[in-house]
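The values are calculated or read from the model by the stated rules, or taken from the named source; none is laboratory data. Computed from a prediction, not measured in an experiment: that's the story for all the values here. Cβ coordinates were reconstructed from backbone atoms using ideal geometry, including for glycine residues, and neighbour counts include every protein chain displayed. What goes into the accessible areas is simple: the full protein's heavy atoms, side chains included, and nothing from ligands, DNA or RNA. Shrake-Rupley method; radii C 1.70, N 1.55, O 1.52, S 1.80 Å.
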Amino acid sequence: MDHLLGSVGNLENLVAILHIVPPAGPTLTTVQEVNESSAQLRREHIATAAKKRKFPSTGAHTADRIVTQNPTRVDAVYNYRPIDLAPPPITLYHPVFAKFLQLMAEPQIFSDEELNNAQSFITLAVAYYKEEARLEPDGLVSSADTPDGFSTITAIHEVKLEIGDGGSDPIAQGECVYVAIYSSNEARFIREACCCPAFIIGMAGPNIIVSGAVFVDQLVAQTLTDYISVVPRPSQDGRSPLDDAGYRVARLFRALKTCIIDLDEYYSELVQNIYPLPAPPIAGVLGGCRSTHGSTTSGRILHSPSMISPHFTTYRDVSGQNVVLTYKSRLIPEISMKAVFIAEAKSESETATVVVKFAYKYNQEAHNLLATASPQQAPKLRYCAYEASVRMQVVVMDYIEGREVDDVLTQPAHIESLRWALTKLHADDFVFGDLRAPNVLIVDDRVVLVDFDWCGKAGEARYPSDIALGTSMWHSGVERGGLVEKAHDEYHFRALTKEDL
């Protein structure tokens, strides 16, 4: 019902009343490229495959998702469904997603207008509706237009009458709409210039869920909330059920409104870097109708990055110098969830090749212990700190040319080097936790340890619950959430060297 948005004041800023029809039609002339990077070519390969998908209303059905959400498909959306499609953290690619999570978590005071809007929305959202009188139409929130008329999209909104109605999950359908829009010919200018950030808002009856989406070297979507029920329920903070529901809704609406405005400003600035080249006007086609996104004419991007990289690009080193990072490639592209990159780090005094790692936790003290040892047995650590804009630890270290252990260490010098490094960690009461071949690099006549994510103090450090157990590579005492023990490190040392520590 159209009166719903009008009755809740500023909610119309969050979800526009526009019907989305997926892009379709003939291939049109697009950007004239001279030297496309391999990363750009990969993304265009993904877009080409995605154009062959069914319309979102059909493609979101479970039977079709089983086909498209296959890890062997280049246009699969990395959203943890199935678990093999584990994405890199979406917060790496645009700060708006970290900001949304922060706004949803931190204490806030809401205005009378915000709370009034929230209560009005709850009253309408908890009612039941017939199919011909929908709670709210599907739609999108558009932002700045490119010079050739493509409207950038900041949010997509999909609605089902109730959970289970409509044959598909609203978030799944929203993902399909996102893929259709940003893989279209009309979107190529934007696709070449940025990660195409957008929010996806799914609503099933009185339940709302929010996801974020980006187009990097994979299509990525990550849920940012659970289903938020606006149905009043018992509260533990001294509020009545309806009062508490009002605050939940007010928090969600403020976070969405704030972040969608941020994306609108982002896209407005971005399109200033795009200008058209002369070309015959060609009308875009959407579902047989003239496209609201305009035509796809030839054009040029003033600055097209060689790869769509993390937004974290500057830090201050120990001397106070500003260091600028230029990302070159992913270090482990075959593991989609691994956020590790090779980059150039440039300051006034030097330019160096570095590895930039984004980790949920990292043991800086243990890394430095080996990095400052003689001989050096970990890469030089240039920066290690929690960054709120990505909600992760950012670790910058020297890039070291080395090779992984094939199976076991055979050279006595390499075995003694590993023994010395592990003994030094244990002497300071550290346990390494993940002393497997990929984390041991051979560099000349020594070894270098990398990946201090699980490293910690003995009796304190614990294994994560997502550790890949079930193989003989782990000590029999290793458990999900269990303590990391020195005996476990000794077991891995024995596996790598065929000797006791």
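Results, tabulated for the structure shown:
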{"read-out": "Which of TRP454, VAL431, TYR491, positive extreme of dipole for region 408-501 (C-beta unit charges)", "value": "TYR491"}
{"read-out": "Dipole in debye (nearest 20) - the chain, about Cα centre, beta carbon charges: Lys, Arg +1; Asp, Glu -1", "value": "560"}
{"read-out": "Cross-link partners of LYS257 among lysines (Cα-Cα below 17 Å; sequence separation of 8 or more within a chain)", "value": "LYS99"}
{"read-out": "At least 30 Å along the helix axis (C-alpha) and Kyte average at least -1.0, DSSP helices within the chain", "value": "241-270"}
{"read-out": "Trypsin sites (Lys or Arg not before Pro) within region 129-232, DSSP loop, no more than 11 other Cβ atoms inside 10 Å", "value": "LYS130"}
{"read-out": "The chain - percent relative contact order, Cα under 8 Å, separation 6 or more", "value": "14"}
{"read-out": "Candidate lysines - alpha carbon under 17 Å from LYS130, same-chain residues fewer than 8 apart omitted", "value": "LYS160"}
{"read-out": "Accessible surface of LEU501 - all protein chains present, 1.4 Å probe, nearest 10 Å²", "value": "70"}
{"read-out": "Label assignment, semi-axes √(5λ) of the Cα gyration tensor in Å derived from the structure, set [x] 43, 24, 22; [y] 33, 26, 23; [z] 45, 29, 21", "value": "[z]"}
{"read-out": "Mean ellipticity per residue at 222 nm, deg cm²/dmol - from DSSP H runs of n ≥ 4 across the chain, formula -39500 (n - 2.57)", "value": "-8500 deg cm²/dmol"}
{"read-out": "Counted charge near ALA255, where neighbours are those whose Cβ lies closer than 13 Å (Asp, Glu -1; Lys, Arg +1)", "value": "+2"}
{"read-out": "Normalised contact order of region 145-230, rounded percent, pairs of Cα under 8 Å and 6 or more residues apart", "value": "28"}
{"read-out": "Highest average packing first - 256-262, 381-387, Cβ atoms within 10 Å", "value": "256-262, 381-387"}
{"read-out": "Total formal charge among the other residues, if their Cβ is under 13 angstrom from that of ALA385, Lys/Arg +1 and Asp/Glu -1", "value": "+3"}
{"read-out": "Region 432-486: GluC sites (Glu not before Pro) in DSSP coil with no more than 15 other Cβ atoms inside 10 Å", "value": "GLU460, GLU479"}
{"read-out": "Relative contact order for region 181-228, counting Cα pairs under 8 Å that sit 6 or more residues apart, in percent", "value": "28"}
{"read-out": "Dipole of the chain, positive end: most advanced residue of LEU92, THR326, VAL74 [Cβ charges, Cα centre]", "value": "VAL74"}
{"read-out": "By accessible area with a 1.4 Å probe, ligands and nucleic acids excluded, highest first: order of TRP420, TRP474, TRP454", "value": "TRP420, TRP454, TRP474"}
{"read-out": "Order by protection proxy (mean Cβ within 10 Å, highest first), peptides 330-340, 148-158", "value": "148-158, 330-340"}
{"read-out": "Among beta bridges that DSSP assigns inside region 116-232, antiparallel share in %, nearest 5", "value": "75"}
{"read-out": "Across LYS346/LYS380; LYS328/LYS357; LYS357/LYS457; LYS361/LYS457, pairs whose alpha-carbon gap is larger than 20 Å", "value": "LYS357/LYS457"}
